[in-house]
Amino acid sequence: MLVREIQAKAILSVSQIYDYVINPYVGCQHGCSYCYARFMKRFTGHKEPWGEFVDVKVNAPALLEREITRKKRGSVWVSGVCDPYQPLEKKYELTRQCLAILKEHKWPVAVQTRSPLVLRDMNIFKGAKDFEVGLTITTTDDSIRRLFEPNAPPIETRIKALDELHKADIRTYAMIAPMLPGAEGLASVLAGKADYLIVDRMNYHYADRVYHEHGLDEKLSDQFFARTAGQLVSSCRKLGIECTVV
Ligand code: SF4
């Protein structure tokens, strides 16, 4: 794993999904096989495989302190092309410092991660009026998770993290992206732990390749998505959970 400390030029970037996005890291130790963020390699000149390099933007909090007073208040996504709670965050605490600044300035924030390390920052989320915290959960089946996300935390720990956040009165959501086999059972395990679910198909190109490399039959196709999303939406309806398919 190549880890480099870098000085970024800017940190509050315009986003197509929220008003802004903050990525305290370039690259992601989770290295999920389906990750669309691997396109970052093209822009950063990294030759290492995706998941085997991380540039740490050590000046991210200092940049944010400056930029937040100059830009129009808007919603912020943390993060878009890295996991803000990948293992290096334990040491660098860049996400933590950025979130504290956003809270102080009362900006709305959506945090999205696959890691229970997010629980470390519970004290920041508590009392932050417009914060919500999402755990990405792609399946109920941890053997499927191991195929696609071998370096990301087990599904059970993510569900437990959601539960703890929700019990602490923090608004929570589960991001089901990409929807993988086993996702149809997520409604019952997430009931009472997430305020709402978002199902995002994402691009199955890489995921489908990994699936076939392991000799599994099901094609991650339009039909698979329609069937699995349909089952999940129907279970959510029965359990009274808000569920949006995008
Ligand atoms: S955690 Fe997110 S950003 Fe990191 S490799 Fe997985 S999909 Fe990509």
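The values are calculated or read from the model by the stated rules, or taken from the named source; none is laboratory data. Keep in mind that this is a model prediction, so the values were computed, not measured. For neighbour counting, all protein chains shown are included, and Cβ atoms are generated from backbone atoms with ideal geometry for every residue, glycine included.
Kindly indicate the residue of region 170-181 that is at pLDDT 95 or above and over 15 Å from residue 246 (Cα atoms) and also surrounded by the fewest Cβ atoms within 10 Å (Cβ to Cβ) among those meeting that condition.
Step one: list which residues in region 170-181 are at pLDDT 95 or above, which gives 170-176.
Filter once more, keeping what is over 15 Å from residue 246 (Cα atoms): 170-172.
Values: 170: 21, 171: 18, 172: 24.
Looking at the filtered set, the residue picked out is 171.
Would you tally the residues in region 211-225 being surrounded by fewer than 16 Cβ atoms within 10 Å (Cβ to Cβ) and either aliphatic (A, V, I, L, M) or in the same structural domain as residue 38 (by TED's automatic domain parsing) (or both)?
Step one: filter region 211-225 for residues surrounded by fewer than 16 Cβ atoms within 10 Å (Cβ to Cβ), giving 212-219, 221-223.
Still in the running and either aliphatic (A, V, I, L, M) or in the same structural domain as residue 38 (by TED's automatic domain parsing) (or both): 216.
Counting residues in region 211-225 that are surrounded by fewer than 16 Cβ atoms within 10 Å (Cβ to Cβ) and either aliphatic (A, V, I, L, M) or in the same structural domain as residue 38 (by TED's automatic domain parsing) (or both) gives 1.
Working only within region 18-30, note down all residues that are at negative phi, touching a helix residue (DSSP H, G or I) at 6+ places or on another chain (Cβ under 8 Å) and either assigned to a loop (DSSP other than H, G, I, E, B) or away from the ligand (no atom under 15 Å from the Cβ) (or both). Reasoning before the result, please.
The initial filter retains those residues of region 18-30 that are at negative phi, namely 18-26, 28-30.
Retained after the next criterion (residues that are touching a helix residue (DSSP H, G or I) at 6+ places or on another chain (Cβ under 8 Å)): 22, 24-26, 28-29.
Once the filter is applied, which keeps residues that are at negative phi, touching a helix residue (DSSP H, G or I) at 6+ places or on another chain (Cβ under 8 Å) and either assigned to a loop (DSSP other than H, G, I, E, B) or away from the ligand (no atom under 15 Å from the Cβ) (or both), region 18-30 yields 22, 24, 28, 29.
I need the full set of residues from region 151-198 which are without any contact (Cβ under 8 Å) to a residue 24 or more places away in the chain, in contact with a helix residue (DSSP H, G or I) (Cβ under 8 Å, 6 or more places away or on another chain) and more than 16 Å from the ligand (Cβ to nearest atom), in order please. Lay out the reasoning, then the answer.
Taking region 151-198 first, the residues without any contact (Cβ under 8 Å) to a residue 24 or more places away in the chain are 154-156, 167.
Within this subset, residues satisfying the condition of being in contact with a helix residue (DSSP H, G or I) (Cβ under 8 Å, 6 or more places away or on another chain) are 154-156.
Within region 151-198, 156 is the sole residue that qualifies.
Here is a list of conditions, (1) surrounded by 13 or more Cβ atoms within 10 Å (Cβ to Cβ); (2) part of a helix (DSSP H, G or I); (3) at pLDDT 95 or above; (4) not hydroxyl-bearing (Ser, Thr, Tyr), and residue 133 meets all of them except one; can you say which number that is?
The failed condition is (2).
I'd like to know if region 163-184 contains one or more residues that are part of a helix (DSSP H, G or I) and closer than 18 Å to residue 234 by Cα. Full working, then the answer.
So in region 163-184, the residues part of a helix (DSSP H, G or I) come out as 163-167, 183-184.
Next cut, closer than 18 Å to residue 234 by Cα only: 183-184.
The answer is yes, given that some residue of region 163-184 is part of a helix (DSSP H, G or I) and closer than 18 Å to residue 234 by Cα.
Can you tell me which residue in region 60-87 is nearest to the ligand (Cβ to nearest atom), limited to those that are exposed (fewer than 15 other Cβ atoms within 10 Å of the Cβ) and in a loop (DSSP other than H, G, I, E, B)?
Looking at residues that are exposed (fewer than 15 other Cβ atoms within 10 Å of the Cβ) and in a loop (DSSP other than H, G, I, E, B), I get 74.
Please specify each residue of region 109-120 satisfying the condition of being free of Cβ contacts under 8 Å to residues at least 40 places away in the same chain and either surrounded by 22 or more Cβ atoms within 10 Å (Cβ to Cβ) or touching a Gly at 6+ places or on another chain (Cβ under 8 Å) (or both). Working first, answer last.
Step one: of region 109-120, the residues free of Cβ contacts under 8 Å to residues at least 40 places away in the same chain are 109, 111, 113, 117, 120.
Within region 109-120, 109, 111, 113 meet the criteria.
Using beta carbons and a limit of 8 Å, which pairs, at least six apart or on different chains, have the first residue in region 42-53 and within 8 Å of residue 31 (Cβ to Cβ) and assigned by TED's automatic domain parsing to the domain that holds residue 27 and the second one modelled with pLDDT of 85 or more and away from the ligand (no atom under 14 Å from the Cβ)?
Taking only residues 6 or more apart or on different chains, the pairs are 52/2.
Quick one: which residue in 232, 197 is assigned to a helix (DSSP H, G or I) and crowded, with 19+ Cβ neighbours inside 10 Å? Lay out the reasoning, then the answer.
Numbers: 197 fails: assigned to a helix (DSSP H, G or I).
Exactly one of 232, 197 is assigned to a helix (DSSP H, G or I) and crowded, with 19+ Cβ neighbours inside 10 Å, namely 232.
Yes or no, residue by residue, for (1) away from the ligand (no atom under 11 Å from the Cβ); (2) assigned to a strand (DSSP E or B):
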residue	(1), (2)
10	yes, no
16	yes, no
32	no, no
39	no, no
42	yes, no
56	yes, yes
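Please verify whether residue 134 is within 16 Å of the ligand (Cβ to nearest atom) and not basic (Lys, Arg), treating the condition exactly as stated. Can you show your working first?
Values: within 16 Å of the ligand (Cβ to nearest atom): yes; not basic (Lys, Arg): yes.
In short, yes.
Residue by residue, here is whether (1) within 16 Å of residue 173 (Cβ to Cβ); (2) touching a strand residue (DSSP E or B) at 6+ places or on another chain (Cβ under 8 Å) holds:
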| site | (1), (2) |
| --- | --- |
| 78 | yes, yes |
| 82 | no, yes |
| 95 | no, yes |
| 101 | no, no |
| 104 | no, no |
| 108 | yes, yes |
| 126 | no, no |
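Anything in region 139-169 that is surrounded by 17 or more Cβ atoms within 10 Å (Cβ to Cβ) and of a type in the set (A, V, I, L, M, F, W, C)? List them, or say none.
144, 147, 148, 152, 155, 159, 161, 162, 165
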